[in-house]
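Please read the structure below before turning to the comments.
The values are calculated or read from the model by the stated rules, or taken from the named source; none is laboratory data. It should be emphasised that the depicted structure is a prediction, and the values quoted were computed from it without experimental measurement. Note: ideal-geometry Cβ built from the backbone for every residue, glycine included; neighbour counts use all protein chains shown.
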Amino acid sequence: MGSPTEGLLLSICVCTHNRAALLPRALNALVPGLDPARVEVLVVENGSEDASTIAGGFAAQSTAVRYVHEPKIGLSNARNRGWREARGVYVGYLDDDAVPRAGWVTTALDLAGEMRFDAFGGPYFAYYDSPTPPWYREEYSSHWQGDVARALNSTEYLDGTNMFVRRQLLEQIGGFDAQLGMRGDTLSYGEETELQNRLRAAKTGASIYYDPRLVVDHLVPAHKMTLRWIAKSAVVEGRVNRVLFETSSRRGWRQRALRALAGLAAAYTVGVLVRDRARYQFAGEYLYECTLTRCRELGAALQQRRDRGSDG
């Protein structure tokens, strides 16, 4: 386990799995000009072996960069390995397909230097490496929580691709739940939400802070701009939401699933045939904006079935 280093405020973990081609973009925006006495960057490779050369190249240029290999597949496992190796007061998490904007590290250092936040983070905005479908809007893959810096309330959460947490608290609550989050190519979400729930439960008045100056751009690849992938992702979100937020349901899983499927069928019919074309020029816009709730409800129903093994 890493030992705290005097003066080192930030340990920024870039977790990666089979995506070494994306790393230079993130690290080129992150590493130049870093003061290794105040900031370190940990490239945490998870269950793959294609990032070591790239990480080594950056480590040769800057003593702020370290390479760590975590063999156990799972983003939560990589994130946990990151904080265990970290030597800074705050541990930051940046996805390998995210690019911090100018001033990101400086802003994070300012916030960390105040020593009054348990966690802090900021917004992310979409960027692309392929043409976007005509119906696809940037806000579909961006998350902006306003232009005012503030403490988040108990129903608001920082995003895992742009989040810093006090290392001592990560150790205290045991880090991320390894049952949640991406596992290789298997979709799963919710590990940063669950972590913030436990942080709030463990510390009365926990300060989770949002600052709009702390901006990253996050890649949206072509396959994530298809309705099929978006619907699948929403079903997975529904499963996770069931685990994180539901304690019971007034309906059995079959009833919930049938209602969700009926709603999807109706929305598809409206979207293709009789949608308001002044508001939704493209069917894809309507389907994105009007069916995801049904997809999440279907996911929750499927998770309810798994949890109870009956009509419950």
Problem set entry | Residue list for the range 113-143, restricted to those being hydrophobic (A, V, I, L, M, F, W, C) and surrounded by fewer than 13 Cβ atoms within 10 Å (Cβ to Cβ) | M115
Seminar exercise, completed: Exactly one of A283, A301 is surrounded by fewer than 19 Cβ atoms within 10 Å (Cβ to Cβ), out of contact with any Leu (no Cβ under 7 Å at 6 or more places or on another chain) and not assigned by TED's automatic domain parsing to the domain that holds E194, and that one is A283
For this session: Please enumerate the residues belonging to the range 127-171 that are part of a loop (DSSP other than H, G, I, E, B), of a type in the set (F, W, Y) and out of contact with any helix residue (DSSP H, G or I) (no Cβ under 7 Å at 6 or more places or on another chain).
Result: Y128, W144
For this session: Out of the residues in the range 78-103 that are in contact with a Phe, Trp or Tyr (Cβ under 8 Å, 6 or more places away or on another chain) and part of a helix (DSSP H, G or I), state the one that is nearest to N162 (Cα to Cα).
Result: R79
Exercise. Is it true that E285 is at pLDDT 95 or above and under 21 Å from the mean Cα position of the chain (by Cα)?
Worked result: no
For this session: Return a yes/no flag: does the range 189-202 have any residue that is touching a residue at least 24 places away in the same chain (Cβ under 8 Å), surrounded by fewer than 17 Cβ atoms within 10 Å (Cβ to Cβ) and assigned to a loop (DSSP other than H, G, I, E, B).
Result: no
Exercise. Can you tell me which residues in the range 49-86 are free of Cβ contacts under 8 Å to residues at least 24 places away in the same chain and closer than 25 Å to A37 by Cβ?
Worked result: G56, G57, A59, A60
Exercise. Does the range 1-30 hold any residues that are part of a loop (DSSP other than H, G, I, E, B) and touching a strand residue (DSSP E or B) at 6+ places or on another chain (Cβ under 6 Å), and which are they?
Worked result: H17
